[in-house]
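Participant: Below: one structure in structure tokens.
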2 protein chains.
Amino acid sequence: MGVTPEERQVVAEPERHAIRELLVGRPLDSASAAHQTIRKFVALPVFASDALSSVAYATEEILRVLALAGGVGLAAFSLSIPISVIIVGLLIVLTLSYRQTIFAYPSGGGAYIVARDNLGESPAQVAGAALLTDYILTVSVSIAAGVAQITSAFPMLTPFRVEICLALIWLMTVVNLRGVKESGAAFAGPTYFFLGMTALLLLTGFWQLTHGSLGTVTDVRMNVIPITSTLTILLLLRAFSSGCTALTGVEAISNGIPAFKEPKSRNAATTMAFMSGILGVTFIGITVLARRIQAVPADETVISQLARTIFGRGPLYFAMAAATTAVLIMAANTSFADFPRLSALQAGDGFLPRQLTNRGSRLVFSWGILALAILASLLILLFNGDVSRLIPLYAIGVFLSFTLSQLGMVIRWRKVSRLRPDEEIQSKGTVLRPDRWWWAKGTVNGLGALLSLVVTLVFAFSKFTEGAWVTVLLIPSLVWLFFRIHKHYRDTARALSLEKVCDPDLRGHAIETILLIDNVHRGTLQQVRFAESLGRPWIAVHIGADSAKAERTRERWNQFVGHRGELTVIESPYRNLVGPVQQLIKQFQAENPGVFINVVLGQLVTTSWWTQLLHQNTGPLFKFTLQRMHNVVVTDVHYLLEPDGTVDV
Amino acid sequence: MGVTPEERQVVAEPERHAIRELLVGRPLDSASAAHQTIRKFVALPVFASDALSSVAYATEEILRVLALAGGVGLAAFSLSIPISVIIVGLLIVLTLSYRQTIFAYPSGGGAYIVARDNLGESPAQVAGAALLTDYILTVSVSIAAGVAQITSAFPMLTPFRVEICLALIWLMTVVNLRGVKESGAAFAGPTYFFLGMTALLLLTGFWQLTHGSLGTVTDVRMNVIPITSTLTILLLLRAFSSGCTALTGVEAISNGIPAFKEPKSRNAATTMAFMSGILGVTFIGITVLARRIQAVPADETVISQLARTIFGRGPLYFAMAAATTAVLIMAANTSFADFPRLSALQAGDGFLPRQLTNRGSRLVFSWGILALAILASLLILLFNGDVSRLIPLYAIGVFLSFTLSQLGMVIRWRKVSRLRPDEEIQSKGTVLRPDRWWWAKGTVNGLGALLSLVVTLVFAFSKFTEGAWVTVLLIPSLVWLFFRIHKHYRDTARALSLEKVCDPDLRGHAIETILLIDNVHRGTLQQVRFAESLGRPWIAVHIGADSAKAERTRERWNQFVGHRGELTVIESPYRNLVGPVQQLIKQFQAENPGVFINVVLGQLVTTSWWTQLLHQNTGPLFKFTLQRMHNVVVTDVHYLLEPDGTVDV
């Protein structure tokens, strides 16, 4: 062996690309990973904007369903208030449930982890499939709803709805490829702006209400065509499940605990309490005011109708529209934090492609971010950026994951109940300690699980034909796919395992070196020089698909290379290039079992991709076939076409 | 050297693929190429259907333009008759011109060849660009017009217009990939069916006309909104150029002479005379009858209106619709014969990618056929399968190529005039012999060139804003591209040339072998075995992007392979894999100039494409960078994952 690389002091410098750095920043080294944590004040916008922003569409989607009961007329709209109150009750139960999860799983207690630890592999994969589906939908729904705010304020932009949605998704992708800390900072301002504007809207609205100066909305035309004249139970259930979209995202904090500053659990729990309080108050407030101003589902969003009626179409109206759009974009950003994190977890467990665990130059899970952006963009294109068409697919996954997560917590409390008073079990990501209140805490989680299950079923049944069937079919398909992937990784690991190998046979075999010659030119000389360098016998073969060319090649070979070795021409009247080589290799191997066949290909490398396409590029064709043959090795000898028009070999 | 392949009697059998053979037939050997010729009776449908089928839309497109002159009302439609008469006059001149080309170029006298021989490289490339553009448009326009016949007969199919167009294009693609002879046979029946039905339609129509029983069309609503109240010269010119689309395809036979049976020129000329006669008569006949029944441009095609009025909506009506659709599909097929042929010619001259000269397993130019199908499909998608939107782009290219071709013939006659009485000049594809009538024949071609030029200019100017600008810009862009490609091939050939090399240095250099190790498993053992087989020192390197994994890899290496050589770990804190390898290679090369670096990669090959995606596949990444380094050779050692779950290495 020669001098080792260490003696040469190889230092791996980061690879630099000007355009990539401009977009996503300079590379960060792996040791920086731990520093990417955030304060509560920044965590709220990063993890809670999904939940908070739901108020921008939840009330409207309730009204949109109630409007279908045409005969009952606007009276049906009054039911929006009791429906929201029930939803807020549900929110309280879920918040209490999830606080317990946050303390039990300080290193991150998403539904996937809790289900995996307590329920087993299959429920965990169901939770994973449900959550990934919903993260994608969160991006699509939030962005579409944000753009609906823009087109409410500026109706002339309506034709460009899809284009604006896509531009926003890809802008966010770039921000997130820079890393979560910078994202948090960039996104905090807009979320607080929304909270401030919403507070102002609600306070002004209720002040006007109590002083009798609250008007009703004008110049708005309902765009829902009634389908029945009586309010059926089915419609009520659909309205309720539409409203439940307000609760999507309340679990986000429990997934993101590791991103908080220490003490992580306490900070995360406090943030969650704040978030739920704000969410409950604004949701009920907006629903009540929307009813009072007689808002209706229309091309203009309900938030826009409210702001127009309460503020008038002045600066405050536009500020509210801007703030709502901004917070909805932040909401989509929640998924850009969670989707890559969860998919990396599942990939680490071998249920998704392993590439998802690779951190990019900025330490974020680049593949996950890109996959999310692509899938969300596809949904926007398929559903034409229309919130109401996306809503029936949405939130089933969230409530299914709530159910599994809370059920997992119930199992965990049962384990706790069986501990001896001084026993403590350390497990990956959680510690089981005796707790005298295990029965009360278990009951809270049990109630959370039960209610979530009911909502999941209501959602799936009442909206099945509207689009929920897509999700209902998609989740099991994904689970099936995850297990297929898992099986492949397991089989591969087993096949490659050295477990039963004590003393592997590493002796060399004989090698036959075959040079494939397409033509004789400067590049061919390099191919021959390399073969000569190997210091062993070699043979050169030309596949004669065109007999005139074969003759020319043989002549030139004899002129330039002939003294080093003979060129064999194999006629191929059917113009098949790979087959004859395969047959030749099989003959060699039959005569000399165990021999390595080293096929040496010549490959012209041009200066640009388009000129590369102008050459035959049969290399990949050969490799595709030869790589499926045992003990066959393919060597590429490149010769470069330089920009100055020479070949330097 | 070992035993040569000849001694092993390698016979190149055709490669067989069940699905491909079902679609395109079994492979044909190269020697069969000469047999693929066709009789006049079969040649007419193959080469003339483009021209003949134009009558299905040419009259309608004249009316569509005249309808824009709303104020003049239906009276403007009367002008369709003199316009068609002028167009038929033009047809006669072109037919006489092209007959002379056919005799002068018995091995094929398309505009490209005639321009190349007589006018030089640049005009030839202009002709090539013009023709290729129009071949693509012929497919799109003919298929769209064919489907318009279908939707006229069955209006409920209108929403699926684009889908039907695409299905037809790809059906034709499969037929043509089987080869021209089978195509001819498959396509003869429908064309003759159309000619028979058209004859019946015209005879019945004129019989009714002379007996006073010809009705006028009912239940049809004009779908053109008038834009002016006076018939401007511009509109007249536009109507004329729309009508000139009837002449597209008259050149097809002159391109296809080699496909005729001997005597090729005579058979081709006879076929051309037949074709022009039939075309002229049917075009005028249809235009006259359309005027008499007061046909208007509408969603229903003019042919459908005619057939409905003359035959009534019975079996004959549907037979006519079927025949028209069928002949339009045949017309598209003309391009499937010509486009691949012309692009192979241009590619042979180095102006298009060389792959276009490769004959597929069935001896047809498969790449050309596929390229045509893809481009025509794109046009259908872009223009939503609407004939009227495609027409303004169409026919400019054809008339430009007519101009260049006839101009080339004029130059050729001038050369003939200078020959001594007994002189004969043999040139590629043509023979120059003294001809006492050179001046008369030259005048015919000159008149053809002049008229074609006028039509080209009228077309480009009168339809510039309607869409002709696309073609006017596209043709020079293509010519520019062709010359870029040509320059690249010329530069590459010069760079690779051995012309000034007398005694090339073919001595071997030193080799440094670097094994890149990602992990230690059964596949790694194969990598090591191959390195050992080379019988020279080697080093093994692991790029440590993840320090825990690096430690694990080092341990396993020491356990299983350590006694054969040491593993060097290069830390890469920025997780860059390729950079450190590049730096290592540069150090080796600096120390030992001229050394070959053989980078040996391990590559897991799985049983299916989707499982392949689940692995890191960093190989292509390494190769992309390493292939741009001098004297660096990349060797792939594959290890196969078998379907039974083992790795056989």
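The values are calculated or read from the model by the stated rules, or taken from the named source; none is laboratory data. Just so it is clear, the model here is predicted, and its values are computed rather than measured. When we count neighbours, we look across all protein chains shown, and the Cβ atoms used for this are built from the backbone with ideal geometry, even at glycine. For accessibility, only protein heavy atoms count, side chains too; no ligands or nucleic acids. Shrake-Rupley method; radii C 1.70, N 1.55, O 1.52, S 1.80 Å.
Participant: Could you check, for segment B:626-649, whether at least one of its residues is more than 9 Å from chain A (Cβ to nearest Cβ) and surrounded by 14 or more Cβ atoms within 10 Å (Cβ to Cβ)?
Facilitator: Scanning segment B:626-649, I find no residue that is more than 9 Å from chain A (Cβ to nearest Cβ) and surrounded by 14 or more Cβ atoms within 10 Å (Cβ to Cβ), so the answer is no.
Participant: From (1) open to solvent by 40 Å² or more (accessible area, probe 1.4 Å); (2) out of contact with any helix residue (DSSP H, G or I) (no Cβ under 8 Å at 6 or more places or on another chain); (3) at pLDDT below 90, pick out the condition that doesn't hold for B:GLY619.
Facilitator: Every listed condition holds for B:GLY619 apart from (1).
Participant: Here is a check on your reading of the model: is A:GLY146 in contact (Cβ under 8 Å) with a residue 60 or more places away in the chain and of a type in the set (Gly, Ala, Ser)?
Facilitator: Numbers: in contact (Cβ under 8 Å) with a residue 60 or more places away in the chain: yes; of a type in the set (Gly, Ala, Ser): yes.
So A:GLY146 fits the description; yes.
Participant: In addition: Give B:ARG490, B:ARG507 a once-over and let me know the one that is more than 7 Å from chain A (Cβ to nearest Cβ), surrounded by fewer than 19 Cβ atoms within 10 Å (Cβ to Cβ) and out of contact with any His (no Cβ under 9 Å at 6 or more places or on another chain). Explain how you work it out, then say what you get.
Facilitator: On the way: B:ARG507 fails: more than 7 Å from chain A (Cβ to nearest Cβ).
One residue alone meets the criteria, B:ARG490.
Participant: Does segment A:567-578 hold any residues that are more than 7 Å from every other protein chain (Cβ to nearest Cβ) and within 15 Å of A:TRP538 (Cβ to Cβ), and which are they?
Facilitator: The answer is A:LEU567, and nothing else.
Participant: Turning to a different aspect of this structure: So, A:LEU473, is that one closer than 21 Å to A:ARG238 by Cα and assigned to a helix (DSSP H, G or I) or not? Walk me through it before giving the result.
Facilitator: Details: closer than 21 Å to A:ARG238 by Cα: yes; assigned to a helix (DSSP H, G or I): yes.
When the stated conditions are applied, A:LEU473 passes them.
Participant: Return the total of residues in segment A:394-422 being closer than 14 Å to A:LEU451 by Cβ and open to solvent by 10 Å² or more (accessible area, probe 1.4 Å).
Facilitator: Count: 5.
Participant: Does A:PRO82 qualify as being open to solvent by 30 Å² or more (accessible area, probe 1.4 Å), in a helix (DSSP H, G or I) and either in contact with a helix residue (DSSP H, G or I) (Cβ under 7 Å, 6 or more places away or on another chain) or more than 30 Å from A:ILE257 (Cα to Cα) (or both)?
Facilitator: yes
Participant: Which members of segment A:85-104 meet the condition of being out of contact with any Ser or Thr (no Cβ under 7 Å at 6 or more places or on another chain) and open to solvent by less than 20 Å² (accessible area, probe 1.4 Å)?
Facilitator: The answer is A:ILE87, A:LEU90, A:LEU94, A:SER97.
Participant: Okay, next question. Given B:LEU247, B:LEU214, B:LEU234, B:LEU279, which one is in contact (Cβ under 8 Å) with a residue 12 or more places away in the chain, over 30 Å from B:LYS463 (Cβ atoms), in contact with a Ser or Thr (Cβ under 9 Å, 6 or more places away or on another chain) and not charged (D, E, K, R)? First the steps, then the outcome.
Facilitator: On the way: B:LEU247 fails: over 30 Å from B:LYS463 (Cβ atoms); B:LEU234 fails: over 30 Å from B:LYS463 (Cβ atoms); B:LEU279 fails: over 30 Å from B:LYS463 (Cβ atoms).
Exactly one of B:LEU247, B:LEU214, B:LEU234, B:LEU279 is in contact (Cβ under 8 Å) with a residue 12 or more places away in the chain, over 30 Å from B:LYS463 (Cβ atoms), in contact with a Ser or Thr (Cβ under 9 Å, 6 or more places away or on another chain) and not charged (D, E, K, R), namely B:LEU214.
Participant: Quick one: which of A:ALA347, A:ALA376 is crowded, with 21+ Cβ neighbours inside 10 Å, within 21 Å of the chain's Cα centre (by Cα) and free of Cβ contacts under 8 Å to residues at least 12 places away in the same chain?
Facilitator: Working: A:ALA376 fails: free of Cβ contacts under 8 Å to residues at least 12 places away in the same chain.
Checking each option against the conditions leaves just A:ALA347.
Participant: Continuing with this model, one more query. Exactly one condition in (1) within 7 Å of another protein chain (Cβ to nearest Cβ); (2) under 51 Å from the mean Cα position of the chain (by Cα); (3) open to solvent by less than 10 Å² (accessible area, probe 1.4 Å) is not met by A:ILE514; state its number.
Facilitator: With respect to (1) within 7 Å of another protein chain (Cβ to nearest Cβ); (2) under 51 Å from the mean Cα position of the chain (by Cα); (3) open to solvent by less than 10 Å² (accessible area, probe 1.4 Å), A:ILE514 is out only on (1).
Participant: Inside segment A:182-297, counting only helices (runs of 4 or more DSSP H) that do not spill past its ends, which hold 1 or more residues that are surrounded by 18 or more Cβ atoms within 10 Å (Cβ to Cβ) and at positive phi? Spell out the reasoning first.
Facilitator: Values: elements: A:233-243, A:252-255, A:264-292.
Answer list for segment A:182-297: none.
Participant: Look at segment B:579-613 and say how many of its residues are open to solvent by 10 Å² or more (accessible area, probe 1.4 Å), in contact with a Phe, Trp or Tyr (Cβ under 8 Å, 6 or more places away or on another chain) and at the interface with chain A (Cβ under 8 Å from one of its Cβ atoms).
Facilitator: The qualifying residues number 2.
Participant: State whether one or more residues within segment B:134-157 are assigned by TED's automatic domain parsing to the domain that holds B:PHE339, crowded, with 23+ Cβ neighbours inside 10 Å and under 30 Å from B:PRO434 (Cα atoms).
Facilitator: For segment B:134-157, residues assigned by TED's automatic domain parsing to the domain that holds B:PHE339, crowded, with 23+ Cβ neighbours inside 10 Å and under 30 Å from B:PRO434 (Cα atoms): absent.
Participant: Does at least one position in segment A:105-120 carry a residue that is surrounded by 18 or more Cβ atoms within 10 Å (Cβ to Cβ), charged (D, E, K, R) and in a helix (DSSP H, G or I)? Walk me through how you get there before you give the answer.
Facilitator: Step one: of segment A:105-120, the residues surrounded by 18 or more Cβ atoms within 10 Å (Cβ to Cβ) are A:105-106, A:108-119.
Among the residues that remain, those that are also charged (D, E, K, R) are: A:116-117.
The next check asks that each one be in a helix (DSSP H, G or I); those that pass are A:116-117.
Looking for residues that are surrounded by 18 or more Cβ atoms within 10 Å (Cβ to Cβ), charged (D, E, K, R) and in a helix (DSSP H, G or I), one finds at least one in segment A:105-120, hence yes.
Participant: Would you mind telling me which numbered condition in (1) open to solvent by 30 Å² or more (accessible area, probe 1.4 Å); (2) more than 30 Å from A:ARG412 (Cα to Cα); (3) within 14 Å of chain B (Cβ to nearest Cβ) A:GLN526 fails?
Facilitator: Checking A:GLN526 against (1) open to solvent by 30 Å² or more (accessible area, probe 1.4 Å); (2) more than 30 Å from A:ARG412 (Cα to Cα); (3) within 14 Å of chain B (Cβ to nearest Cβ), the one that fails is (1).
Participant: Does at least one position in segment A:162-179 carry a residue that is closer than 20 Å to A:VAL139 by Cα, in a loop (DSSP other than H, G, I, E, B) and among the charged types (D, E, K, R)? Full working, then the answer.
Facilitator: Here is the first cut: in segment A:162-179, the ones closer than 20 Å to A:VAL139 by Cα are A:162-179.
In the following step, the residues that additionally are in a loop (DSSP other than H, G, I, E, B) were identified as A:178-179.
Remaining after also requiring among the charged types (D, E, K, R): A:178.
Among the residues of segment A:162-179, at least one is closer than 20 Å to A:VAL139 by Cα, in a loop (DSSP other than H, G, I, E, B) and among the charged types (D, E, K, R), which makes the answer yes.
Participant: Considering each residue of segment B:411-438, count those that are within 22 Å of B:ILE257 (Cβ to Cβ) and out of contact with any strand residue (DSSP E or B) (no Cβ under 9 Å at 6 or more places or on another chain), and give that number.
Facilitator: Taking segment B:411-438 first, the residues within 22 Å of B:ILE257 (Cβ to Cβ) are B:411-413, B:415-416, B:424-433, B:435, B:437-438.
In the following step, the residues that additionally are out of contact with any strand residue (DSSP E or B) (no Cβ under 9 Å at 6 or more places or on another chain) were identified as B:411, B:413, B:427-430, B:435, B:437-438.
Going through segment B:411-438 one residue at a time, the tally reaches 9.
Participant: Continuing with this model, one more query. Does segment B:103-123 hold any residues that are of a type in the set (Gly, Ala, Ser) and in contact (Cβ under 8 Å) with a residue 60 or more places away in the chain, and which are they? So that I can check it myself, show each step before the final result.
Facilitator: Just the residues of segment B:103-123 that are of a type in the set (Gly, Ala, Ser), to begin with: B:104, B:107-111, B:115, B:120, B:122.
Hits for segment B:103-123 are B:ALA104, B:SER107, B:GLY108, B:GLY109, B:GLY110, B:ALA111, B:ALA115, B:SER122.
Participant: Still on this structure, please answer the following. When you scan segment A:412-422, do you find a residue that is within 15 Å of A:ASP50 (Cβ to Cβ) and among the acidic types (Asp, Glu), even just one? Reasoning before the result, please.
Facilitator: The initial filter retains those residues of segment A:412-422 that are within 15 Å of A:ASP50 (Cβ to Cβ), namely none.
Among the residues of segment A:412-422, not one is within 15 Å of A:ASP50 (Cβ to Cβ) and among the acidic types (Asp, Glu), which makes the answer no.
Participant: Go through the residues of segment A:549-558 one by one and say whether even a single one is in contact (Cβ under 8 Å) with a residue 60 or more places away in the chain and either within 8 Å of chain B (Cβ to nearest Cβ) or surrounded by fewer than 21 Cβ atoms within 10 Å (Cβ to Cβ) (or both).
Facilitator: no
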